[in-house]
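**Student:** Handing you a structure now.
The values are calculated or read from the model by the stated rules, or taken from the named source; none is laboratory data. Only a predicted model underlies this, so the values are computations on that prediction, with no experimental measurement involved. When we count neighbours, we look across all protein chains shown, and the Cβ atoms used for this are built from the backbone with ideal geometry, even at glycine. Note: accessible area is taken over every heavy atom of the protein model, side chains too, but ligands, DNA and RNA are not part of it. Shrake-Rupley method; radii C 1.70, N 1.55, O 1.52, S 1.80 Å.
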Amino acid sequence: MTHLSLEPILARIHQAEAFDEMRCVRDQVQEMFREHLLLSYTAELGDQINLVHDAFIKRTAELAELMLEAEGVGKPPVEYAFFLLGSGGRSEQTLWSDQDNGLIYEGSETYPQEALEGYFSRLVSLILHGLDVLGYPPCEGNVVSSNPQWRKSEEDYRAMAMEWLLDPNWENMRYLLIVADIRCIYGAPRLVERLKSMMLTYIAEHPTILDNLLSNTLRHKISLGIFGQLITERYGEDAGGFDIKYGAYIPIVNGIRLLAIQAGIAESSTMTRIRMLREQGVVAEPLTREWETAFGTAIRLRNATPFQLEEEKYTTRGRLTAEQLTKETRQMLKHCLRTGVELQKYVAKSIESYREKG
């Protein structure tokens, strides 16, 4: 297949004047990418998919701003950042990723809090409507900017993060790990960067919190049996298939993320985190190369899962079908999973050793 040129695609997205127009573009691009994925997945193709997602989301935010201006509401009263979390924050979206996002805005002595909240509440409603039109399903966990928890001033976000840090229960640690993947997609990146920096600094100064983060990090186990067999789905329409998202991809992502937090690495991409762990001398090169290979396999197979349109939204159950589990795929997957098991052991030992040194 010929090389996929992104320039005309990105230009069409940038020039789009309405959400419906962008939806037409997305449907066309979705089919183009799907054809490429049927042949083979490459890291370059994954990067291209994420660049296109970024372009759609950025243009959606731009159009939402313009719509508010056209309504007479005016321009944003203060600087803000619309950010992504989850796979979007890590730049690891598939063709069917859902909405995981939030919004952080500056405080102001000029505008009262009610006015700021009124503007940004209206803005995110337009952004999320646009993403809905484009076919992005809402986050099942309600980690989305229409939820007031994920739409706050910078001061309020910092206060919320400090509450989590001071009370490291299971739920608060889950939120901290979610925010560790934060990435500004539109607006002022420094607002996001300062929030992440504050959290990493606190954890560096209070390393015992890593123990609390560890139990949350290891909650998803690698789906490999004690005899080295794949743990496949037993019932339902996915019977015989394999949950690549929660059986391989998420456990690897979680392990690498905690090692990055421990090392004070602010980057959110899993591959970048692995590279920085190696370059900073935190983890030996042979081990990081194994992790890169395993993660590459996990994300490649995750992109191979079947997807469908449900109520005009692109969705997937995140599982490889029994038919996709060929002998070659099983061998590749088992190697990935064995590395994942060893990674989880490494993470646990690393946190324990770090605590003892502290």
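**Student:** From the set of residues in segment 100-126 that are among the charged types (D, E, K, R) and farther than 23 Å from His53 by Cα, which is surrounded by the most Cβ atoms within 10 Å (Cβ to Cβ)?
**Tutor:** Applying the first criterion (among the charged types (D, E, K, R)) to segment 100-126 yields 100, 106, 109, 114, 117, 122.
Checking the rest, the ones that are also farther than 23 Å from His53 by Cα come to 106, 109, 114, 117.
On the way: Glu106: 18, Glu109: 5, Glu114: 8, Glu117: 16.
My answer is Glu106.
**Student:** Considering only residues that are out of contact with any Lys or Arg (no Cβ under 9 Å at 6 or more places or on another chain), closer than 21 Å to Asp27 by Cα and open to solvent by 10 Å² or more (accessible area, probe 1.4 Å), which ones fall in segment 127-142?
**Tutor:** Leu128, His129, Cys139
**Student:** Now, a different point. Looking at (1) under 24 Å from Ala294 (Cα atoms); (2) exposed (fewer than 12 other Cβ atoms within 10 Å of the Cβ), which is the only condition Leu214 fails?
**Tutor:** With respect to (1) under 24 Å from Ala294 (Cα atoms); (2) exposed (fewer than 12 other Cβ atoms within 10 Å of the Cβ), Leu214 is out only on (2).
**Student:** Here's something else I'd like to know. Which residue out of Arg158, Arg174, Arg183 is touching a helix residue (DSSP H, G or I) at 6+ places or on another chain (Cβ under 7 Å), free of Cβ contacts under 8 Å to residues at least 60 places away in the same chain, closer than 21 Å to Val78 by Cβ and of a type in the set (D, E, K, R)?
**Tutor:** Every option except Arg158 fails the conditions.
**Student:** Kindly establish whether Ser91 is part of a helix (DSSP H, G or I), open to solvent by less than 60 Å² (accessible area, probe 1.4 Å), of a type in the set (S, T, N, Q) and under 20 Å from Tyr314 (Cα atoms). Lay out the reasoning, then the answer.
**Tutor:** Working: part of a helix (DSSP H, G or I): no; open to solvent by less than 60 Å² (accessible area, probe 1.4 Å): yes; of a type in the set (S, T, N, Q): yes; under 20 Å from Tyr314 (Cα atoms): yes.
In short, no.
**Student:** Look at segment 23-54 and say how many of its residues are among the aliphatic types (A, V, I, L, M) and open to solvent by 20 Å² or more (accessible area, probe 1.4 Å).
**Tutor:** Adding up the residues that qualify gives 6.
**Student:** Please specify each residue of segment 145-179 satisfying the condition of being under 20 Å from the mean Cα position of the chain (by Cα) and of a type in the set (Ser, Thr, Tyr).
**Tutor:** Listed by number, the residues that qualify are Ser145, Ser146, Tyr157, Tyr175.
**Student:** Sort out which residues of segment 65-80 are part of a helix (DSSP H, G or I) and surrounded by 10 or more Cβ atoms within 10 Å (Cβ to Cβ), and write them in order of number.
**Tutor:** Listed by number, the residues that qualify are Glu65, Leu66, Met67, Leu68, Glu69.
**Student:** Among (1) surrounded by 20 or more Cβ atoms within 10 Å (Cβ to Cβ); (2) in contact with an Asp or Glu (Cβ under 7 Å, 6 or more places away or on another chain); (3) farther than 28 Å from Met332 by Cα, where does Ala188 come up short?
**Tutor:** Result: Ala188 passes all but (1).
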